[in-house]
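Worksheet for the structure shown next.
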Amino acid sequence: ASVTVSQTLSSPQVIAPSPVPPPPPSPEDLRTRRLKEKLHAWLFALVDRLDKGESKPTGNESFFVTDGKAAIVIVLENNSPDTLEKLKALGFEPDAATMSAPPAVTSGVRAHKQLSGRVPIAKLSALAGLEAVRLVLPKT
């Protein structure tokens, strides 16, 4: 009599570990993200230089920085008196033409308000932290 042995080979089960969620961003990561979203690359480089304590100006600073103040254009979500007061508290000096210009209108819809002026370079980071500030560009 012959004996038949049947053996079933099954592949070993691989149990995948449950995905580990990435750690939440640090306050510094959130700050950097906010700055990159709101500041033009030249302004971000200037803020980054100041944060690192480096004294040598970046290559583009000479185009918009004079006497420790940056010539900028700010795009705002709103230009309420409260927003304008916060800008003033940061040392923002609006150009005279900016304050007298009517709000821009595009296809019957009021566009975001733009202000041009000067601000101390040390205040650029705080400026980007304002809720009403949508974008800050160098004025060359």
For D95, what residues show an amide H to amide H distance below 5 Å, using hydrogens built from the backbone and excluding near sequence neighbours?
S116, G117, R118
Relative packing of 20-27, 69-76, 89-96, 124-131, which averages over residues the other C-beta atoms within 10 Å, highest first
69-76, 124-131, 89-96, 20-27
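Enter the mean projected area of the convex hull around the alpha-carbon atoms of the stretch 40-86, in nm², rounded to one decimal. Don't skip to the answer; put the middle values down first.
Values: hull surface 17.0 nm².
Dividing the Cα hull surface by four gives the mean projection, 4.2 nm².
Coordinate-derived values only; no laboratory data. This one's a predicted model, so the numbers in the text were calculated from it and none came from an experiment. Quick reminder, even Gly has a Cβ in these numbers, built from the backbone with ideal geometry, and neighbours come from all protein chains shown.
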